[in-house]
Amino acid sequence: MPAVDRTLSDLLRGHLQAWDKGNRGTRGRILVKFLEHFDRCTEPELEREFANGASLFLARVGAWLRLNADSQSDLVLPLRVLSVFVGASSGKRFLREVIEVVGIHTVVELLTSKLVDEDSKEWAAVIITQISSAGRPYREAVCKHGGPEAVRLWLRSSGEQGQDTAQSGAAANTIGNDAAAAGRGNLNQIGDKAARCLLSLARNNPYYSNQIREALMAMLTGGHSTSQMTASRVIRLILQPDPADGSVPWQPDAQLVQSSRDLLLSAEVNVQHEGSEMIRSMILHSSAWVDVSLGEP
């Protein structure tokens, strides 16, 4: 961990008046300083540097996020700070405090909010993944608040926006090509975060397995190509047994087989590849014989 700025440490550890009296700019600078010095800290390290007052700072950041969740404010900084607390190893106290102060429903709703920018939504997805990775009760809590469906809607919206951006920029020749390439890169990044989030929710979560399956199948059958490829990647992993958590692998049904065959008919090569990989996974990992030609297990 880098050497701690003692002025910052004293501020955040004992007094916090600057946060309470400061405007948006002042609070933003405090959050930046926090990320510079306390990123990747463990729970004991945070407590030591804050003189056992880290929860006071967490509560302020969480309350600020909750109050601004319905506005057009940039939420990246507070979300990144909360991600540090949620991800702090050596304990789950900060995780529980984030859930109490902010609420799982608030973070989930950020994914579908029309007022929140894409960068903030990506960090909301990171926090959801961190929460669901903490154990089955936390996965169930995220699903209780509609986490899988929110991820699906976020990915669909992002895919549609990316497609519109690429089409509108195509007429500008080189600039349009650059915009299209950047758009594809952003969609790939969003797809990666969505895949990790959905996989963390799906593993060892039998009570909400139907909800997760419905969201993934909706992405596979009626989504943008990014949604289709993301769903395929997640489903292929869920079809495999995972000895680490004792998850029961999915068994393919006729709908999944037919949807995989439909991917092969896509105009996009990457989607076709996912379709072939899906069929291969079903053949390799299904305990039941899968008739790919007929679409029947």
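Take the Cα of Leu265, step 7 Å toward its Cβ, do the same at Arg280, and the gap between the two points is 2.3 nm. For Asp242, the residues whose modelled amide H falls within less than 5 Å of its own, excluding neighbours fewer than 5 places apart on the same chain, are Ser247. Computed from label points 7 Å out along Cα-Cβ, the spacing between Gln251 and Asn204 is 2.3 nm. Per-residue accessible area (protein heavy atoms, 1.4 Å probe) orders Leu16, Leu237 as Leu237, Leu16, starting from the largest. Note on segment 33-117: with neighbouring protein chains present and a 1.4 Å probe, carbon and sulfur make up 48 percent of its accessible heavy-atom surface.
Using a probe of 1.4 Å, the accessible surface attributed to Asp119 totals some 90 Å² when neighbouring protein chains are kept in position. Over 27 Å between C-alpha atoms is what I'm after, so list which of Lys33/Lys92; Lys33/Lys144; Lys114/Lys193; Lys92/Lys121 land there. Distance filter (> 27 Å) returns Lys33/Lys144. A protection proxy built from the mean count of other Cβ atoms within 10 Å ranks the segments 102-113, 30-41, most packed first, as 102-113, 30-41.
The values are calculated or read from the model by the stated rules, or taken from the named source; none is laboratory data. These figures come from a predicted structure and were not determined experimentally. All Cβ positions, glycine included, derive from the backbone under ideal geometry; neighbour counts span all protein chains shown. When the accessible area is computed, the model is the full protein with side chains, heavy atoms only, and any ligands, DNA or RNA have been set aside. Shrake-Rupley method; radii C 1.70, N 1.55, O 1.52, S 1.80 Å.
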